[in-house]
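Read the structure below first, then the notes.
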């Protein structure tokens, strides 16, 4: 039965057109000898990256040489390791001449098959092929890659759309020098802040956006967390999800949350709380940002800041608009797409981000409004103190509308609107 289902899936994949796929700003090789791995939260666009790769490869390869399978396809559910051998045998039975040609396999959501890495390693080592795989759990993929696929892979994290990609999906140019474009950009920016960058929402009516986002959250809770990790305390997991998405861009204290939960009569241990938070991180739903310190013990003593993979999750979990925290979350995601060397910095005051990218380290503060002199002075003073402590001469102050330069002695702070910074 599985063999017949695979035949149907192969045929559908070969006949399907992907001309509608919009290109993403994820720079990955099409012809690497390494296994290309896409990791990210559900519905963020990993599948469409594969579609885009298939589109590009069809320009130089026969369609039959490009094989796409979604392992969550109900026609092949449930799957076990022996079924993967059946899949391979079925393909070469359909196309025996391909044994002597290079075949590119695209395996989507492969983590649903237990011990999948054993099969991928055999396929990589014995067949004339290239392999793309995707998965929605960083822990599962990372641990299996480390033990079974060491040296064979290149991994790429995939996030919901950046603002530049969001404009591209809406067929709007990112040319900020055109007055017409600028008005459209700023209009779409407000939608981006409110409902985030999940690709499917670009084509969704606003009145259905909240419902779609809530369904995504339910999918993460039940499929990626409760089912996968056999979570015993469902109420606690749901509470934790709501808590994290409602409190983005704030300091997160395990002890405080533990005591709050205990005071509500919820029975749990600190180990359970740590485990459940790690599950949220594994599912790419939540990120924890540590303080910058050259001492590991100092880092562990300080609370971390919490961010969501998408600001839309904040919108559907909190009645408060809280645009300032959404701004900071968007800045975090923009930086995190490019580097994991990302911290907040604590001196006399707290600076939102200390970013170590490909160029020189950078300090960044985020404030929605700088209209009052008190707010502007506080943000500037905090940045200057951090710049002095880290011996950095340039910094950014990201806000909603101000665009100017502030200079103090040998230090320069660029004050820039978020929408404009995202497009630079």
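The values are calculated or read from the model by the stated rules, or taken from the named source; none is laboratory data. Note that this is a predicted model, so its numbers are computed, not measured. Note that each Cβ is placed from the backbone with ideal geometry, even for glycine, and that neighbours are counted across all protein chains shown.
Things worth noting here:
- So residue 348, is it surrounded by fewer than 19 Cβ atoms within 10 Å (Cβ to Cβ), outside the structural domain of residue 197 (by TED's automatic domain parsing) and closer than 30 Å to residue 156 by Cα: no
- Residue match in the range 274-283 (condition: farther than 24 Å from residue 350 by Cβ and not in a helix (DSSP H, G or I)): yes
- No other residue among 84, 57, 66 is touching a residue at least 40 places away in the same chain (Cβ under 8 Å) and in contact with a helix residue (DSSP H, G or I) (Cβ under 6 Å, 6 or more places away or on another chain) apart from 66.
- Selection status of residue 220, farther than 22 Å from residue 322 by Cβ, modelled with pLDDT under 95 and surrounded by 18 or more Cβ atoms within 10 Å (Cβ to Cβ): no
- Residue satisfying condition, being surrounded by 16 or more Cβ atoms within 10 Å (Cβ to Cβ), modelled with pLDDT under 95, over 30 Å from residue 166 (Cβ atoms) and not assigned by TED's automatic domain parsing to the domain that holds residue 113, within set 235, 276, 229: 229
- Test result for residue 263, more than 22 Å from the chain's Cα centre (by Cα) and either at pLDDT 95 or above or assigned by TED's automatic domain parsing to the domain that holds residue 211 (or both): yes
- Test result for residue 133, surrounded by 16 or more Cβ atoms within 10 Å (Cβ to Cβ), under 19 Å from the mean Cα position of the chain (by Cα) and in contact (Cβ under 8 Å) with a residue 24 or more places away in the chain: yes
- Condition check for residue 114 on (1) touching a residue at least 24 places away in the same chain (Cβ under 8 Å); (2) in a loop (DSSP other than H, G, I, E, B); (3) closer than 30 Å to residue 403 by Cα: one failure, at (3).
- Residue match in the range 117-127 (condition: modelled with pLDDT under 90 and surrounded by 17 or more Cβ atoms within 10 Å (Cβ to Cβ)): no
- Residue 165 vs. criteria out of contact with any strand residue (DSSP E or B) (no Cβ under 6 Å at 6 or more places or on another chain), at pLDDT 95 or above, part of a loop (DSSP other than H, G, I, E, B) and within 20 Å of residue 27 (Cα to Cα): no
- Some residue of the range 186-193 being loosely packed, with under 15 Cβ neighbours inside 10 Å, in contact (Cβ under 8 Å) with a residue 60 or more places away in the chain and in a helix (DSSP H, G or I): yes
- Failed criterion for residue 220 (all others in (1) assigned to a helix (DSSP H, G or I); (2) touching a helix residue (DSSP H, G or I) at 6+ places or on another chain (Cβ under 6 Å) hold): (2)
- Qualifying residue in the range 370-378 (condition: within 29 Å of the chain's Cα centre (by Cα) and surrounded by 15 or more Cβ atoms within 10 Å (Cβ to Cβ)): no
Okay, residues lined up against (1) modelled with pLDDT under 95; (2) outside any helix (DSSP H, G or I):
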residue: 24; (1), (2): no, yes
residue: 28; (1), (2): no, yes
residue: 44; (1), (2): no, yes
residue: 50; (1), (2): no, no
residue: 54; (1), (2): no, no
residue: 78; (1), (2): yes, yes
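- Failed condition for residue 154, given (1) loosely packed, with under 15 Cβ neighbours inside 10 Å; (2) part of a helix (DSSP H, G or I): (2)
- Among (1) without any contact (Cβ under 8 Å) to a residue 12 or more places away in the chain; (2) assigned to a loop (DSSP other than H, G, I, E, B), the one test that residue 97 misses: (2)
- From 24, 43, residue being surrounded by 15 or more Cβ atoms within 10 Å (Cβ to Cβ), at positive phi and touching a residue at least 24 places away in the same chain (Cβ under 8 Å): 43
- Within the range 145-162, restricting attention to residues that are within 20 Å of the chain's Cα centre (by Cα) and over 26 Å from residue 194 (Cα atoms), the residue that is modelled with the lowest pLDDT is 145.
- The range 285-321, subset in a loop (DSSP other than H, G, I, E, B) and touching a helix residue (DSSP H, G or I) at 6+ places or on another chain (Cβ under 6 Å), residue modelled with the lowest pLDDT: 318
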